[in-house]
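First up is the structure itself, then whatever we jot down about it.
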Amino acid sequence: MNLSGKRVFLTGGARGIGRGISEALLSKGAMVMFCDINPGTGKQTEEELQKQYSSDSVSFIKADVADSQQLKAAFEAAVTKFGAVDIHINNAGILDQRIWERMFAVNAIGTIRGCQIALEHMRRDKGGHGGVIMNVVSMGGLGSSYWFPAYTASKHAVIGFVNSWAESPYQPQHGVRWGCVCPVSVDTEMLNMEENQIYDLSENQKHTATHKVQISDVVDAFMKLVQDENSNGALMEVSRENNGVYCRRQLVYMNNVSPPCFMDNLPFPGQT
Ligand SMILES: NC(=O)C1=CN([C@@H]2O[C@H](COP(=O)(O)OP(=O)(O)OC[C@H]3O[C@@H](n4cnc5c(N)ncnc54)[C@H](O)[C@@H]3O)[C@@H](O)[C@H]2O)C=CC1
Ligand SMILES: CCCCC/C=C\C=C\C(=O)C/C=C\C/C=C\CCCC(=O)O
């Protein structure tokens, strides 16, 4: 997929992985509107990116993805500005076991609602132009972690939802393809935690020190998936297994979904 001129809406783009993805898309000639709950950082990022690219190609709008009206209004602002949205990216997320219901509202409900809003807009069988819906999920969504059970569950919810649409027999009529990047710990502000935000914080800090990946690793994986026209329903793990090279596995095998494959011919951890 050629990203030049593509119209993108992304959530949680003020900093971290979301900002990294926006910059990579802008560098390929895409136009990006991003929302964030934090207006200060959002505005600052907007100014910096507008200086680097152009004021027409990137803009910020304040929205809390857990608020359905705010999310819908922000998405519609992107449609009004660009004429349509070709690529929708659910990235906003939080990790705090102490406020697990709020975490569910942001990570699971906010993401699923984002998918629904974008799908309604993009569906060819409803007059749309088709498109791509990508999700920044987590390696936690592929397995289990006693450090943060509710966070893990919120990410599993997203994968279940996304793959159910990706493997729909009507997916070709919808003309919308789906993908998830699933990183291990990433070197962002999210790692700066307080006691009780997750269980066993000090143990986790030791694990993270040796296992974390960089934003650029996640962005590379994202860019491969978003540009791959043959990819639908892919879950791309991003981890430091295999000497820091990420690998890709696809868990959806039904018709119209690309077959399982391993990126760079690397075996998935545990496979020979
Ligand atoms: N950092 C990590 O170790 C990992 C992060 N992830 C996921 O990546 C995504 C991005 O996280 P990071 O960049 O690491 O975190 P971050 O905390 O650096 O950035 C998240 C951004 O989302 C925004 N945000 C939070 N709640 C929001 C809401 N309700 N509405 C709109 N915007 C909101 C924040 O203001 C912030 O700008 C999240 O979904 C996270 O779960 C996945 C795997 C590992
Ligand atoms: C300083 C404490 C950091 C705690 C980690 C912070 C954020 C992580 C967010 C994620 O989404 C990471 C998800 C899963 C990683 C957890 C366990 C996987 C272990 C896999 C492995 O490397 O063996």
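Checking Asn135 against (1) open to solvent by 30 Å² or more (accessible area, probe 1.4 Å); (2) touching a helix residue (DSSP H, G or I) at 6+ places or on another chain (Cβ under 9 Å); (3) more than 10 Å from ligand 2 (Cβ to nearest atom), which single condition isn't satisfied?
It fails just one condition, (1).
Cβ-Cβ below 7 Å, separation at least six or inter-chain, first residue in the range 131-143 and assigned to a loop (DSSP other than H, G, I, E, B), second hydrophobic (A, V, I, L, M, F, W, C): which pairs?
Correct list of pairs: Val137/Val158; Val137/Ile159; Val137/Cys180; Val137/Val181; Val137/Cys182; Ser138/Cys182.
Anything in the range 152-164 that is touching a helix residue (DSSP H, G or I) at 6+ places or on another chain (Cβ under 7 Å) and surrounded by fewer than 23 Cβ atoms within 10 Å (Cβ to Cβ)? List them, or say none.
Selection gives Thr152, His156, Ala157, Ile159, Phe161.
Take the residues in the range 146-190 that are among the hydroxyl-bearing types (Ser, Thr, Tyr) and under 26 Å from Ala14 (Cβ atoms); name whichever of them is modelled with the lowest pLDDT.
Going residue by residue through the range 146-190, those that are among the hydroxyl-bearing types (Ser, Thr, Tyr) are 146, 151-152, 154, 164, 168, 170, 185, 188.
With the extra rule that they be under 26 Å from Ala14 (Cβ atoms), the set shrinks to 151-152, 154, 185, 188.
Numbers: Tyr151: 98, Thr152: 97, Ser154: 98, Ser185: 93, Thr188: 98.
Among residues in the range 146-190 that are among the hydroxyl-bearing types (Ser, Thr, Tyr) and under 26 Å from Ala14 (Cβ atoms), the one modelled with the lowest pLDDT is Ser185.
Condition first: closer than 16 Å to Gly179 by Cβ and open to solvent by 10 Å² or more (accessible area, probe 1.4 Å). Now tell me which residues in the range 16-26 satisfy that. Even if it seems obvious, please write down each step before you answer.
Kept after step one, since they are closer than 16 Å to Gly179 by Cβ, are these residues of the range 16-26: 17-18, 21, 24-25.
Result: Ile17, Ala24.
Taking Gly20 and the conditions (1) over 18 Å from the mean Cα position of the chain (by Cα); (2) within 16 Å of ligand 2 (Cβ to nearest atom), which numbered condition does it fall short on, given that it satisfies the others?
Of the numbered conditions (1) over 18 Å from the mean Cα position of the chain (by Cα); (2) within 16 Å of ligand 2 (Cβ to nearest atom), the odd one out for Gly20 is (1).
Quick check on this structure: which one of Lys72, Lys43 is in contact (Cβ under 8 Å) with a residue 24 or more places away in the chain, within 14 Å of ligand 1 (Cβ to nearest atom) and of a type in the set (Lys, Arg)?
Working: Lys43 fails: in contact (Cβ under 8 Å) with a residue 24 or more places away in the chain.
Unique residue meeting the criteria: Lys72.
With open to solvent by 30 Å² or more (accessible area, probe 1.4 Å), within 21 Å of Val136 (Cβ to Cβ) and touching a Cys at 6+ places or on another chain (Cβ under 7 Å) as the only criterion, which of Ile37, Ile61, Ile99 stands out? I'd like the intermediate steps shown before the answer.
Details: Ile37 fails: touching a Cys at 6+ places or on another chain (Cβ under 7 Å); Ile99 fails: touching a Cys at 6+ places or on another chain (Cβ under 7 Å).
The conditions single out Ile61.
Only one residue in Ser68, Ser54 is small (Gly, Ala, Ser) and more than 20 Å from the chain's Cα centre (by Cα). Which one? Before the answer, list the steps.
Working: Ser68 fails: more than 20 Å from the chain's Cα centre (by Cα).
Only one candidate passes the filter, namely Ser54.
Just checking, which of Gly13, Gly29, Gly5 is surrounded by 24 or more Cβ atoms within 10 Å (Cβ to Cβ) and part of a loop (DSSP other than H, G, I, E, B)?
Values: Gly29 fails: surrounded by 24 or more Cβ atoms within 10 Å (Cβ to Cβ); Gly5 fails: surrounded by 24 or more Cβ atoms within 10 Å (Cβ to Cβ).
Going through Gly13, Gly29, Gly5 in turn, just one is surrounded by 24 or more Cβ atoms within 10 Å (Cβ to Cβ) and part of a loop (DSSP other than H, G, I, E, B): Gly13.
Within the bounds of the range 100-121, is there any residue that is within 16 Å of ligand 2 (Cβ to nearest atom), in a strand (DSSP E or B), at pLDDT 95 or above and touching a helix residue (DSSP H, G or I) at 6+ places or on another chain (Cβ under 9 Å)?
Step one: list which residues in the range 100-121 are within 16 Å of ligand 2 (Cβ to nearest atom), which gives 100, 103-104, 106-108, 110-111.
Pick out the ones that are also in a strand (DSSP E or B) and you get none.
No.
Considering only the range 176-202, state which residues are in a helix (DSSP H, G or I) and within 9 Å of ligand 2 (Cβ to nearest atom). Reasoning before the result, please.
Within the range 176-202, the subset in a helix (DSSP H, G or I) is 189-191, 201-202.
The answer is Met190, Leu191, Leu201, Ser202.
The values are calculated or read from the model by the stated rules, or taken from the named source; none is laboratory data. Here the structure is a predicted model, which is why all the values come from computation and not from measurement. A quick note on method: Cβ atoms are made from the backbone with ideal geometry, for glycine too, and the neighbour counts reach across all protein chains shown. For the accessible areas, the whole protein counts, side chains as well, though only heavy atoms, and no ligand, DNA or RNA atoms are used. Shrake-Rupley method; radii C 1.70, N 1.55, O 1.52, S 1.80 Å.
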